[in-house]
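Just below is one structure, and these are the notes that go with it.
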Protein chains: 2
Amino acid sequence: MVSDRGLDVLRVIVQDYVASREPVGSKSIVDRHAFGVSAATIRNDMALLEEEELIAAPHTSSGRIPTDKGYRVFVDHLADLRPLSSAQRQAIETFLGHAGDLDEVLARSVRLLSQLTHQVALVQYPSLSRARVRHVEFVLLSDPRGDPPRGTARPVALQPGTGTRILSVLITDSGGVEQRVIELPAHVDDAALGDIRARLNVAVVGLNMTEAAGALAGFAWLGSPELTPAVQLITAILGEQVAANRQDKLVMAGAANLVRTEEDFNGSVYPVLEAIEEQVVLLRLFGEMATDQHGVSVSIGRENAPFGLAETSVLTSGYTSHGNLARLGVLGPTRMDYSNNMAAVRAVARYLSRLLGEN
Amino acid sequence: MVSDRGLDVLRVIVQDYVASREPVGSKSIVDRHAFGVSAATIRNDMALLEEEELIAAPHTSSGRIPTDKGYRVFVDHLADLRPLSSAQRQAIETFLGHAGDLDEVLARSVRLLSQLTHQVALVQYPSLSRARVRHVEFVLLSDPRGDPPRGTARPVALQPGTGTRILSVLITDSGGVEQRVIELPAHVDDAALGDIRARLNVAVVGLNMTEAAGALAGFAWLGSPELTPAVQLITAILGEQVAANRQDKLVMAGAANLVRTEEDFNGSVYPVLEAIEEQVVLLRLFGEMATDQHGVSVSIGRENAPFGLAETSVLTSGYTSHGNLARLGVLGPTRMDYSNNMAAVRAVARYLSRLLGEN
DNA sequence: ATTGGCACTCACGAACTTAGAGTGCCAGTG
DNA sequence: CACTGGCACTCTAAGTTCGTGAGTGCCAAT
């Protein structure tokens, strides 16, 4: 029903509306684009597009704006993923050029993405499920100068009543570090802790997270029996650390951009900002988006209604860190520059995958 | 010049204006508060207050609103730090009741503070300058299954051309962990790395950050000479980690509240949000605020102009983590509930200090 | 020092007008 | 049959006018 020219008309309506934020009329279309037909003809095409609910009129006898469905067609069929400008390309190089720890790289990535797209950018931490345990470290946190001098004889293990705080550090081969402070039920000294560390390392180093969780659950303590309660607590918490999927965490940047585009949100950005701070919602949304490796998934307007984001669009792409999949993307008003933003999301995702090692 | 009653008038003007967001007139003052004098008398007092630039009229013959200077006098002399409600008190308990690692505790604190005050909350990471090195750990990051089997003989040290990635982890006694990925110029195996680790630990464990930086700078490598270049790189980067003051980091929550109070910002929250995302600015501001231990410092309106925050007020308080000082606070429009917010900031700072150990 | 009275000011909202962009439809044309 | 020019109609956005009421400043009286 909708002719080829009709789709062209839809394309320019989307482009002009995104650029100007003003309803697009038949006249302005023939003025700005060389269609070679008259305004009346464009009007006929527009009537057809309206019948298909691809465009709508905010008020009777005003120009037309794209509907969610219109954006959908645009994204699926009409958007040319224009390659990044050389300036943008260079921005990626200089921004992500040098390595650093995981936190730092992701923080830089999210800032970069927000600058490239002028939208809110989001980067999810990679899952650790496929990462392997490299090392487990325990560190006494109580003041060392409070301990008796080295030479003094003292019990190796527990002194009931006086607890000890230790730091438990889990190091994986994907460059991530999980740390946790543990309040032990009784006193544990350096030697005892070293014993525990040695035995636990033997038990879990080299296993991936899933296997390590199993190994910890079934861990049998064969050392000094007085230490049993402390070891039980330690293995339990270490188990939590192993299970603590980093994927439940994400970093954000560019919230100011939401305010900049405030008029696109029917007046009130407040609920959107709230939903964004409530990371749980976004993580669910990320989880439900298609998980194609390098293509860009787009969720438009009302498609996000279950997440309280009915007026926003979300573009995401997957990236990999040592074989672990995660997502990154941008979020903004449905009226956004899809072509540019999809290209930027894809470019950053690819670059990040390369930087973190595809494995 | 300004009588006692005059100050009372200032107080109710601040209170009423904060509550209603409307210029306060002499009539409404006598209506709502039992001053025992007539509106004309209040008008005389208000004329005096205006002469002192403590209040101002948005338009001729409308009510008056407090100036920055008026808020200043209110905060310094008139605000009663009303104790927290029992509900608020309980919120602190349940929110911060259980321990966790530093990141987690600070994340919870900042959310709590934003909920208690309905403003943007900020928590700065504690400085590490007084923390002591507990342990230094290096972990090989290259795929272990790519290495030859254990028994195989191979050179202990360098294989030029094939670099090795290692993770360097610095653990301090304040519960913080600094990590960094290092790209070594040549191949280093497990045994060599163990040697480096052992010698470096002897050199720096127990030193505070300043001392450790010195020790690293003057570190003389007495092990296998082939390792010298690798060790030089490692000590250099470890030196950076030691110097990397965590205090250059802060967490934020409640940005949505800025939007909620948008009308207080002369229409545009955008520059404010931008300044907030640019953490550097806030860290400078934090740095310049008085560092009294437990009192609350307040910086009002134009006092923040150098930071691009001329229409906001910032309330901060210091807290300590193992003897390391840092700040936390809230940021919002000058029209805010100072009494409640100062009390909340102080309460959370105190609670956090207790939780993290005063040392 | 405080008060009641009074003239004056000014922002705000309601009601009204106007301009202009845009539409829908129809009869005409190649 | 696809396209076009013309025309009547619609509706928003912006500007104008005007009345209302809260609030002020000042002054003479207590």
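The values are calculated or read from the model by the stated rules, or taken from the named source; none is laboratory data. Bear in mind the structure is a predicted one, so any value in this text is a computation, not a measurement. A quick note on method: Cβ atoms are made from the backbone with ideal geometry, for glycine too, and the neighbour counts reach across all protein chains shown.
Which of the residues belonging to the range A:2-15 are over 12 Å from A:Asn44 (Cβ atoms) and touching a residue at least 24 places away in the same chain (Cβ under 8 Å)?
Listed by number, the residues that qualify are A:Leu7, A:Asp8, A:Leu10, A:Arg11, A:Ile13, A:Val14.
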With respect to the numbered conditions (1) hydrophobic (A, V, I, L, M, F, W, C); (2) outside any helix (DSSP H, G or I); (3) within 12 Å of DNA strand C (Cβ to nearest atom), which one is the sole condition not fulfilled by B:Met1? (3)
So A:Gln179 ticks every box in (1) farther than 30 Å from A:His322 by Cα; (2) within 14 Å of another protein chain (Cβ to nearest Cβ) but one. Which box is left unticked? (1)
In the range A:274-292, is there at least one residue being facing another protein chain (nearest Cβ under 10 Å) and outside any helix (DSSP H, G or I)? yes
Hydrophobic (A, V, I, L, M, F, W, C) and not in a helix (DSSP H, G or I) - does that describe any residue in the range B:204-215? yes
Hey, B:Val120 hits all of (1) within 16 Å of DNA strand D (Cβ to nearest atom); (2) modelled with pLDDT of 90 or more but one; which does it fall short on? (1)
Identify the single condition in (1) surrounded by fewer than 20 Cβ atoms within 10 Å (Cβ to Cβ); (2) in contact with a strand residue (DSSP E or B) (Cβ under 6 Å, 6 or more places away or on another chain); (3) β-branched (Val, Ile, Thr) that B:Thr67 does not satisfy, given that it satisfies every other one. (1)
Can you find, within the range B:250-264, the residue that is modelled with the lowest pLDDT among those that are more than 10 Å from chain A (Cβ to nearest Cβ) and touching a Leu at 6+ places or on another chain (Cβ under 9 Å)? B:Leu250
Can you pull out every residue in the range B:72-107 that is surrounded by 12 or more Cβ atoms within 10 Å (Cβ to Cβ), assigned to a helix (DSSP H, G or I) and among the charged types (D, E, K, R)? B:Arg72, B:Arg89, B:Asp103, B:Glu104
For the range A:62-70, state whether one or more residues are modelled with pLDDT under 95, more than 9 Å from DNA strand C (Cβ to nearest atom), touching a Leu at 6+ places or on another chain (Cβ under 8 Å) and not small (Gly, Ala, Ser). no
Meets criteria (over 16 Å from A:Val348 (Cβ atoms) and either away from DNA strand C (no atom under 16 Å from the Cβ) or crowded, with 20+ Cβ neighbours inside 10 Å (or both)) for A:Ala131: yes
Restricting to the range B:50-64, give me the number of residues that are surrounded by 13 or more Cβ atoms within 10 Å (Cβ to Cβ) and more than 10 Å from DNA strand D (Cβ to nearest atom). 3
The conditions are (1) in contact with a helix residue (DSSP H, G or I) (Cβ under 8 Å, 6 or more places away or on another chain); (2) more than 30 Å from A:Val18 (Cα to Cα), and A:Ala253 fails exactly one of them. Which is it? (2)
